[in-house]
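A quick write-up on the structure given underneath.
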Amino acid sequence: MSSQHLIELSDLTRTDPSSSQTILDRVNVNVDSGERIGVVGPSGSGKTTLMRAIAILDPYHSGSLRYEGKLIERDEVPNYRRQVIYLAQQPAFADGTVAENIQLPFQLGIASSDFDRSVVETWLSQLGKPASLLSQQVDSLSGGEKQLVSFIRAIALSPQVLLLDEPTAALDAETNSQLEQLIVDWHQSDESRALLWSSHDLA
């Protein structure tokens, strides 16, 4: 394996601006191609803060973050976020249908490929959901369905790294297993891919 890490966090520190409490204290993490990393800890231990820092969604106050050996300049952040995608516990959507929300990044020119509805329908089938779900309004979805749609929207962009923040928290046991298998399939389909999965549940 190359000595150059895919993502490298060096002494990353973040302090809560309202309380001055240190949330991340000189965190050092290396993520390499092909890795699956579990981030486990109780609620409030900083898992989400770490994930959002890696996605450059929240500022960190000291330390450094490198992607493929390079510090990320401000104008490179949008492309970095297409390659390193953070999936929140409570996904955000625009008004409209499921299909419109999955297609939105493609319409904005964020994606490096074309939208393929047939592939999306295959993923939905693997998750036990009908293709007709694409025609539903997103505000009619359950919490678990929103998590599934958020995941599909992310992998449709062919990212290199997924940052999964409690991605199965709102799912029943069967759908949980189906999503876990789809995540494994996504990861194993390209040896350059990596993922970080946060949970308060060690199992």
Could you please find all residues in the stretch 1-47 being of a type in the set (K, R) and in contact with a Ser or Thr (Cβ under 9 Å, 6 or more places away or on another chain)?
R14, R26, K47
Looking only at the stretch 139-151, which residues are farther than 24 Å from V84 by Cα and either in contact (Cβ under 8 Å) with a residue 40 or more places away in the chain or not in a helix (DSSP H, G or I) (or both)?
D139, L141, S142
A111 passes all but one of the listed conditions (1) in contact with a strand residue (DSSP E or B) (Cβ under 9 Å, 6 or more places away or on another chain); (2) open to solvent by less than 50 Å² (accessible area, probe 1.4 Å); (3) not aromatic (F, W, Y); the exception is number (1)
Only residues that are open to solvent by less than 60 Å² (accessible area, probe 1.4 Å) and farther than 22 Å from V184 by Cβ: list them for the stretch 134-151, please.
L134, V138, L141, S142, G143
Here are the criteria: (1) within 24 Å of I54 (Cβ to Cβ); (2) open to solvent by 50 Å² or more (accessible area, probe 1.4 Å); (3) free of Cβ contacts under 8 Å to residues at least 60 places away in the same chain. Tell me which single one P105 does not satisfy.
(2)
Output the number of residues of the stretch 15-57 satisfying the condition of being farther than 17 Å from V161 by Cβ and within 21 Å of the chain's Cα centre (by Cα).
11
How many of the residues in the stretch 62-97 are closer than 22 Å to L6 by Cα and either of a type in the set (S, T, N, Q) or more than 19 Å from the chain's Cα centre (by Cα) (or both)?
11
Exactly one condition in (1) at pLDDT 90 or above; (2) polar (S, T, N, Q); (3) within 25 Å of S192 (Cα to Cα) is false for S3; which is it?
(1)
Among the residues of the stretch 188-203 satisfying the criterion of being in a strand (DSSP E or B) and not hydroxyl-bearing (S, T, Y), which is most open to solvent (accessible area, probe 1.4 Å)?
W197
Filter the stretch 114-125 for residues that are surrounded by fewer than 13 Cβ atoms within 10 Å (Cβ to Cβ) and touching a residue at least 24 places away in the same chain (Cβ under 8 Å); which is farthest from D95 (Cα to Cα)?
V119
Against the condition on the phi < 0 side of the Ramachandran plot and open to solvent by 70 Å² or more (accessible area, probe 1.4 Å), how does V40 come out, does it pass?
yes
Taking D114 and the conditions (1) under 21 Å from the mean Cα position of the chain (by Cα); (2) under 14 Å from S150 (Cβ atoms), which numbered condition does it fall short on, given that it satisfies the others?
(2)
Report, by residue number, each residue of the stretch 152-181 that is assigned to a loop (DSSP other than H, G, I, E, B) and open to solvent by less than 10 Å² (accessible area, probe 1.4 Å).
P159
Looking at the stretch 145-203 only, could you name the residues that are small (G, A, S) and at positive phi?
S158
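The values are calculated or read from the model by the stated rules, or taken from the named source; none is laboratory data. Remember, predicted model here, so these are calculated numbers, not experimental data. All Cβ positions, even for glycine, are placed from backbone atoms using ideal geometry, and neighbour counts span all protein chains on display. Each accessible area value is taken on the protein alone, full model and side chains, heavy atoms only, with ligands, DNA and RNA left out. Shrake-Rupley method; radii C 1.70, N 1.55, O 1.52, S 1.80 Å.
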